[in-house]
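Before any comments, here is the structure.
The values are calculated or read from the model by the stated rules, or taken from the named source; none is laboratory data. If you're wondering where the values come from, they're calculated on a predicted model, not measured in any experiment. Virtual Cβ from ideal backbone geometry, glycine too; neighbours counted across all protein chains shown. For accessibility, only protein heavy atoms count, side chains too; no ligands or nucleic acids. Shrake-Rupley method; radii C 1.70, N 1.55, O 1.52, S 1.80 Å.
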Amino acid sequence: MKLHFTEEQKKQELNKLYLEEDDLLLEVEFVEGEGRKFLISGVATIEGERYHEFEIICELAEDASEDPVSVINTDWVWYDFNF
């Protein structure tokens, strides 16, 4: 299942994800998956450089609802960058 953010969610910046340990800001375009495994795709900013079509794969600690905000705000068991 592919989940997109609404324009209202984007205005409220609910599509922004910050990973402090990697100093990475991701402006999420969509999340794709189901249950606990998801692919999160968007534009990343790392050390001032922007990377388009940046992807993170992750496993959530618990099932998320069918809402992209829920997916990026649920605790993750692990994540990795999808190169």
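With a 1.4 Å probe and all protein chains left in place, how much of the accessible area of the chain comes from carbon and sulfur atoms, in whole percent? Here carbon and sulfur together make up 44 percent of the probe-accessible area.
A simple count of charges around E29, restricted to other residues whose Cβ falls under 12 Å of its Cβ and scoring Lys, Arg +1 and Asp, Glu -1, yields -1. Give me the net charge for the shell around E62: Cβ to Cβ below 9 angstrom, other residues only, Lys and Arg +1, Asp and Glu -1. Taking every other residue near E62 into account, the sum is -1. Shape index of the chain: Rg/Rh, with Rg the Cα radius of gyration and Rh the Kirkwood radius from the inverse mean 1/r over Cα pairs, equals 0.93. Other residues with beta-carbon under 12 Å from the beta-carbon of E47 carry, at +1 per Lys or Arg and -1 per Asp or Glu, a net charge of -2.
In percent, rounded to a whole number, the relative contact order of the range 24-83 is 28, using alpha-carbon pairs under 8 Å and six or more apart. Per residue of the chain, the DSSP helices (runs of n ≥ 4 H) give a summed -39500 (n - 2.57) that works out to -3000 deg cm²/dmol at 222 nm.
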